[in-house]
Amino acid sequence: MTSLEHWGAGIEGKVALVTGAARGIGAAVVDELVRAGATVAALDVDAEGLSGLEGKVVPHVVDVADPAAVARVVAEVERDLGPIGIGVSVAGVLRPGSVCDTTDEDWAATFAVNTNGVFHVLREVARRMVPRGSGALVTVGSNAAGVPRTGMAAYAASKAAATMLTRCLGLELAGSGIRCNVVSPGSTDTSMQRLLWTDDRGAARVIEGDPDQFRVGIPLGRIADPVDIAEAVLFLVSDRARHITMQNLFVDGGATLRA
């Protein structure tokens with residue numbers, strides 16, 4: 001057995017569904033699952049981004065905020081590719097701003113994807129996994145769900161809701177042999193992260209921290225690459241994590257001090 005086969009034990013030959021697959025963490029998750037031998041249904045609103053994915057990938061342009069669209073795509077995936085054994089919810093949006101400056105539209109749009117979208121996907125996939133008595137579901141949350149952040153209340157609240165949703169589902173489905181876990185990244189080198197940088201010292205400021213915003217920085221001294229998050233996801237959906245469920249794995253270089 002090669003190191004990759006050992007790392008992705010139990011993934012080869014399975015059908016995986018990944019949302020937010022067109023870029024960043026989602027694209028890295030797709031790549032890792034394909035390398036481990038899965039066939040991946042890649043979901044995103046970005047058709048052009050999906051077209052750049054390689055390997056055993058079947059793209060689906062869909063907005064996870066639309067429950068009917070999610071139900072339709074999940075049914076299509078099971079019809080065309082086979083039973084979904086792995087589900088990974090990565091799709092997310094960020095609209096930074098203080099609570100007082102957050103509009104109703106910003107709040108609703110954030111929850112529509114980050115919370116409702118996760119619910120739609122988990123519900124549709126779980127309904128099909130239960131009769132089969134197996135499956136692994138992972139939600140990519142955020143360390144902001146566990147530590148208050150200035151200017152990120154809508155995002156943090158939506159991720160906190162998705163985290164608890166996933167853990168509650170894990171409790172409900174444990175008796176059916178289905179595992180549900182969360183991976184909570186910290187600052188990761190994605191387009192979403194770079195939107196928060198105002199100059200070429202953006203990365204350095206994240207690593208150093210900002211007392212004015214009550215941020216302690218990153219103890220490991222680096223911003224995560226998307227593959228760092230993807231490898232944590234790969235572990236949790238593999239047989240190597242067969243006795244792990246309802247957990248929230250922080251992958252943030254120690255940034256939250258695990259508060």
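The values are calculated or read from the model by the stated rules, or taken from the named source; none is laboratory data. Since the structure is predicted, the reported quantities are computational estimates derived from the model, not experimental observations. FYI the Cβ positions are ideal-geometry reconstructions off the backbone, even for glycines, and counts take in every protein chain you see.
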Practice task
Might you let me know whether the range 238-245 holds any residue that is touching a Phe, Trp or Tyr at 6+ places or on another chain (Cβ under 8 Å), of a type outside the set (S, T, Y) and in contact (Cβ under 8 Å) with a residue 12 or more places away in the chain?
Solution key: yes
Practice task
Within the range 155-211, track down each residue that is part of a helix (DSSP H, G or I), at pLDDT 90 or above and surrounded by fewer than 17 Cβ atoms within 10 Å (Cβ to Cβ).
Solution key: M164, C168, L171, E172, A174, G175, S176
Practice task
Go over the candidates V90, V140 one by one and state the one that is touching a Gly at 6+ places or on another chain (Cβ under 6 Å), under 20 Å from S191 (Cα atoms) and buried (at least 21 other Cβ atoms within 10 Å of the Cβ).
Solution key: V90
Completion exercise
If you go through I25, I11, the only one that is surrounded by 22 or more Cβ atoms within 10 Å (Cβ to Cβ) and either free of Cβ contacts under 8 Å to residues at least 60 places away in the same chain or farther than 23 Å from M192 by Cβ (or both) is I11
Exercise for the section: Of all residues in the range 95-121, count the ones that are touching a Leu at 6+ places or on another chain (Cβ under 7 Å) and closer than 21 Å to A27 by Cβ. Expected result: 1
Exercise for the section: Report whether or not V74 is more than 17 Å from M246 (Cα to Cα) and either part of a loop (DSSP other than H, G, I, E, B) or at pLDDT below 95 (or both). Expected result: no
Practice task
Only one of these is hydrophobic (A, V, I, L, M, F, W, C) and part of a loop (DSSP other than H, G, I, E, B): I229, I218. Name it.
Solution key: I218
Exercise for the section: Search the range 92-117 for residues that are in a loop (DSSP other than H, G, I, E, B) and pair each with any residue that is charged (D, E, K, R) and modelled with pLDDT under 95 when their beta-carbon atoms are under 6 Å apart and the residues are at least 6 apart or on different chains. Expected result: none
